[in-house]
Amino acid sequence: LIAENNFSSYKAGYGSSIVITMDSTLGFELLGFGKKVLFCAATIDNALQHKENINYIFHKMPNIVLLDNLTQQDFNNKMNALVNMEDEEYLRQTEAARKYYMKCQKLPPHKIISNFIYDNVLVR
């Protein structure tokens, strides 16, 4: 286990081969980073008031990262598929979702804004 500190969840996630979560923002961040994530939020009871919200939140996710019921066989199938999937294939299959949910920029926001101001606003 990783000693608890301000970033222990991130360290655990980055160090894991697969992250299992309900619908945490950290799960979305790790997906955006390219980590293999299995989201289990779709397994909540249909009678719950927020089920339609959960369905909407995950509407752009590929099936490979969604567990839709709580049977042991389905969990095992999803986990085995993720474990055995090559990283390049996983990145290919999750590319659209990663861009939609957590687009990671190569430049930090302050650099993008600074470049925009320099290129478009400053008088030369």
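The values are calculated or read from the model by the stated rules, or taken from the named source; none is laboratory data. Please read these numbers as outputs of a predicted model, since none were measured by experiment. Every residue, glycine among them, receives a Cβ derived from its backbone with ideal geometry; neighbour counts consider all protein chains shown.
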Counting just the residues of region 38-59 that are assigned to a loop (DSSP other than H, G, I, E, B) and over 22 Å from GLU89 (Cα atoms), which one comes out modelled with the lowest pLDDT? GLN49
Just give me the residues in region 85-124 being modelled with pLDDT under 80 and under 19 Å from PHE58 (Cβ atoms), in sequence order. LYS103
If we keep only residues of region 87-119 that are out of contact with any strand residue (DSSP E or B) (no Cβ under 9 Å at 6 or more places or on another chain) and acidic (Asp, Glu), then the residue farthest from SER16 (Cα to Cα) is ASP119
Leading residue by the ranking (surrounded by the fewest Cβ atoms within 10 Å (Cβ to Cβ)) among those in region 1-41 that are within 22 Å of LYS99 (Cα to Cα) and free of Cβ contacts under 8 Å to residues at least 12 places away in the same chain: THR25
Report yes if some residue within region 60-83 is within 24 Å of TYR10 (Cβ to Cβ), touching a strand residue (DSSP E or B) at 6+ places or on another chain (Cβ under 9 Å) and modelled with pLDDT under 90; otherwise report no. no
